[in-house]
Amino acid sequence: MFGKAGKMYADQIASQLESCCGKVLTSNTPQSTEKATETLGKVHGRRRALFVGINYFGQKGELRGCINDVRNISDFLTENYDIDEFLVLTDDQKDPKSIPTRANILNAFRWLREGARAGDSLIFHYSGHGGSVKDVDGDEEDGMDETLCPVDYQRAGVIVDDEVHAVLCRGLPKGVRLTAIMDCCHSESILDLPYLYTVDGNLQIVETSKTEGIVALVGAGARLLLGGDKKKAIATGMQGVKLLMKGDKGGNSAAKEKSIKTRTTEADVIQFSGCKDSQTSADAHINGQATGAMSYALIKALTKNKNQDYTHLLQNMRQILKGKYTQVPCMSAGRKLVLDHPFTI
């Protein structure tokens, strides 16, 4: 209908329509969001990083790209940021202490945070299987705890998000920054952080899946109307339908209130996750290499602009994956942090 010009600018126009539609719908949803109010501390001390990648060689559900993710993310971060110490756990190593078993991962959490003080920066990247189990302590709005799956999870068990939070996050001193990059299924709340962000940097009070579904359908319709990428339009439309069918979790439930009371942190803990708790994260094949879609999107977004703030980084990661994968990257924090500062570690 709109000829070559329509096809050329279809994606840009659709993205603008999605943004405008989201703002209008959010503004007309009472108390769906609130403003962040707390200041992010500055990093001026030691930087320490932990990278965990698990391919589960020879096991059911073997993955292909997780060790590549660790290599790619660790190379990118060490080349672009000053990291003083780092530890790598992958299941292709010969040293038993470097295998990502349940015990080794928990010990690595303790190593990462040992001696941390104000001004220090801690980085944790995980690529592997994630899962979910029934919540037993009433702090999950959807009734499910999220889990990490160590290489020996079938024998030693998974690591439930309650334990991840307790060992890695709880008690970190004020002024310490912990940045977690979680490329696994069901990862939205894998660190059990109480504050989830929208793409405009506000804190989400009610999970607005219906709003996101409508926005996705608007974008899909615009791409089809303008003669843009039909494959991307159809994939986005299907994602929108799924979000509409999912609906919203509800408001300030007892579980949400318990999470805020027991999981708010003194430290500046920020998590980027590969998907929502109800979604899976793709083990993809991109540019000739097996890789996690979320890890790829993070590197691509930061390579294009290393000075973007946290909110725009989330937006750009979502845009890179939109129409190709159904997963929706998320961002959460342990405090009501204003994240309009440039991303750094």
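The values are calculated or read from the model by the stated rules, or taken from the named source; none is laboratory data. Here the structure is a predicted model, which means the values were calculated and not measured. As a convention, Cβ positions derive from the backbone with ideal geometry for all residues, glycine included, and neighbour counts pool all protein chains shown. Surface accessibility is based on the protein's heavy atoms, side chains included, excluding ligands, DNA and RNA. Shrake-Rupley method; radii C 1.70, N 1.55, O 1.52, S 1.80 Å.
Of the listed residues K42, K174, the order by accessible area with a 1.4 Å probe, largest first, is K42, K174. A straight chain from Q154 to R71 at 0.36 nm per residue would run longer than the Cα-Cα distance by 27.3 nm. Among beta bridges identified by DSSP and lying wholly in the range 28-153, the antiparallel ones come to about 30 percent. Applying 0.36 nm per residue to the separation of D137 and D92 and subtracting their alpha-carbon distance, the gain on full extension is 12.6 nm.
Exposure check, 1.4 Å probe, all protein chains in place: K322 carries approximately 50 Å² of accessible surface. In this structure, the residue pairs whose Cα-Cα separation is over 23 Å, taken from K174/K258; K42/K276; K134/K174; K42/K174; K60/K256; K97/K306, are K42/K276; K134/K174; K60/K256; K97/K306. Counted residue by residue at 0.36 nm each, then reduced by the alpha carbon distance between them, the extension gain from D84 to K336 reaches 87.9 nm. The simple Förster model, with R0 at 25 Å and r as the Cβ-Cβ distance, assigns Q308 and I260 a FRET efficiency of 0.30.
In the context of the full protein assembly, R170 retains an accessible surface of approximately 110 Å², using a probe radius of 1.4 Å and ignoring ligands and nucleic acids. The calculated FRET efficiency for the pair K60 and T39, based on their C-beta separation and a Förster distance of 45 Å, comes to about 0.45. Put simply, when 149-160, 272-283, 131-142 are sorted by average Cβ atoms within 10 angstrom per residue, most first, you get 272-283, 149-160, 131-142.
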